[in-house]
Amino acid sequence: MDVFRVQGGARLVGEVWVTGAKNSSLKLMAVALLATGRSVIHAVPNILDVTIMAELLRRLGCAVEYSAETQTVVIDVPEQISHRADYDLVRRMRASIAVLGPLVARTGSADVALPGGDAIGSRGLDMHIAGLELMGAEVTSEHGYLVVHAPEAGLSGTQLYLDFPSVGATETLLMAAVTANGVTKIDNAAREPEIIDICLMLQDMGAQIEGVGSPLLTITGVKSLKPVEHTTVSDRIVAGSWAVAAVMTQGDITIHNARMEHLSIALEKLTAAGAKIEATDDGFRVSMETRPKSTDIVTLPYPGFPTDLQPQFIALNAIADGTCMVTENLFEARFRFVQELSRLGADVRTDGHHALVRGKQKLSGAPVEATDIRAGVGLVLAGLVAEGETLVHCIDHIDRGYVKFEEQLRSLGATIERETLPDLD
């Protein structure tokens, strides 16, 4: 079992480079299934989830090569692909549900194991299923698998309305619609930069999509798509995590390959906390000279405050001057990590989807356990400003979303080591 051993007290100063977005690159790999031939995707981060997705595509019949040096994945998709995504892979990564839409579009069928992934709350597939059924598919659940069969003539375009702007449902229905018969309209679609990235790749492949970046996507089905070369959008959540790290440690970090417009509300909150933020040629610089001030947070779908930065901001508010309220509107179990943060001395009280955070001058190092990707990063950042040593367990979560996290932290002046503890079972 790998752990991070973190020593508190460092002021982080220097430069970091942000990779392509995890939440985009995994879905772009699934998009490649829609076209026979070789697609090349650049800026794909060297993380565990990419390895899992690559293996999933191989089992579907594709040849997949990944270069960690160039962060490029090459996917050769054959004429005939399998339609079954097995449980042993899907349970490890929720993003694997992204193959559902492409499989139905390409093969007319899909057997996809119900997904696992982060334990941050229920993320049901109701909207995926309802949308596919409205397009003419027959959907059942059998032995832990979602089984989908399209009509012999293929899926049909229709009017779809999402009760909530779900990223996953938007992706599934968008990818299913690009080769459906007729016109599909997805109303109240998700607008995240990662959704836009998927649309741009699909358009390059020959898909006809209007309204990209808006709540209404209009997709006119085409008979076939062609393979392409595409570069993944930069990871706004990783960039935001480094920005929080600079503020928490009263540091000075220049973040390269980052887009400020994708983080406007989060950066406004950091400015309110006292940070100085400046645009650079390829990103931005965050500097902090005093203890941060508390700032209220309310998570909402994009362009609102991202839920994936909520744990990092709770860690920030835990050492800030003042008291604030954090409201989580997307994932009911996001606050699970608060119990671990409290082990470091943080004063956080939760009630339903609200958390009251009273900032403290000092935290105290202790053993803690990461419950998901972002919670793990929040705990590491808290450990950097705690007195003494913090041992962060279950860091395989962090490895799923951050490339060489501890190495980048050390380059900024942190004292952090990865260690392998013996298995006591």
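The values are calculated or read from the model by the stated rules, or taken from the named source; none is laboratory data. Note that the coordinates shown come from a computational prediction; the quantities given were computed from them, not determined experimentally. When we count neighbours, we look across all protein chains shown, and the Cβ atoms used for this are built from the backbone with ideal geometry, even at glycine.
Which one of these is surrounded by fewer than 18 Cβ atoms within 10 Å (Cβ to Cβ) and assigned to a helix (DSSP H, G or I): GLU65, GLU55, GLU79? It would help to see each step written out before you state the result.
Values: GLU65 fails: assigned to a helix (DSSP H, G or I); GLU79 fails: assigned to a helix (DSSP H, G or I).
Unique residue meeting the criteria: GLU55.
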- Report whether or not THR170 is modelled with pLDDT of 95 or more, of a type in the set (Val, Ile, Thr) and not in a loop (DSSP other than H, G, I, E, B). yes
- Item | Residue ID - farthest from ALA239 (Cα to Cα), chosen from residues in the stretch 366-384 that are touching a Phe, Trp or Tyr at 6+ places or on another chain (Cβ under 8 Å) and either β-branched (Val, Ile, Thr) or not assigned by TED's automatic domain parsing to the domain that holds GLN312 (or both) | THR371
- Query: If GLY240 satisfies every condition in (1) more than 24 Å from the chain's Cα centre (by Cα); (2) not in a loop (DSSP other than H, G, I, E, B); (3) not hydroxyl-bearing (Ser, Thr, Tyr) but one, which is the exception?
  - Reply: (1)
- Message: Residue pairs, Cβ under 6 Å, 6 or more apart or interchain, first in the stretch 180-200 and at positive phi and surrounded by fewer than 23 Cβ atoms within 10 Å (Cβ to Cβ), second among the small types (Gly, Ala, Ser) and assigned to a strand (DSSP E or B). List them.
- Response: GLY182/SER156
- Query: Which one is modelled with the lowest pLDDT, of the residues in the stretch 374-425 that are surrounded by 18 or more Cβ atoms within 10 Å (Cβ to Cβ) and of a type in the set (Lys, Arg)?
  - Reply: ARG400
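How many residues, within the stretch 21-52, are of a type outside the set (D, E, K, R), in a strand (DSSP E or B) and surrounded by fewer than 24 Cβ atoms within 10 Å (Cβ to Cβ)?
Of the residues in the stretch 21-52, the ones of a type outside the set (D, E, K, R) are 21, 23-26, 28-37, 39-48, 50-52.
Subset that is in a strand (DSSP E or B): 37, 39-42.
If we keep only those that are surrounded by fewer than 24 Cβ atoms within 10 Å (Cβ to Cβ) as well, we get 37, 40, 42.
Looking only at that region, the number is 3.
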- Query: Quick one: which of LEU160, LEU173, LEU225, LEU216 is among the aliphatic types (A, V, I, L, M), over 26 Å from SER109 (Cβ atoms) and in contact (Cβ under 8 Å) with a residue 12 or more places away in the chain?
  - Reply: LEU216
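Please go through the stretch 323-365 and give me each residue that is part of a loop (DSSP other than H, G, I, E, B) and of a type outside the set (A, V, I, L, M, F, W, C), ordered by number. Please lay out each step first, then the result.
Quick first cut of the stretch 323-365, residues part of a loop (DSSP other than H, G, I, E, B) only: 328-333, 343-346, 352-353, 359-362, 365.
Of everything in the stretch 323-365, those that are part of a loop (DSSP other than H, G, I, E, B) and of a type outside the set (A, V, I, L, M, F, W, C) turn out to be GLU328, ASN329, GLU332, ARG343, GLY345, GLY352, HIS353, GLY359, LYS360, GLN361, LYS362, GLY365.
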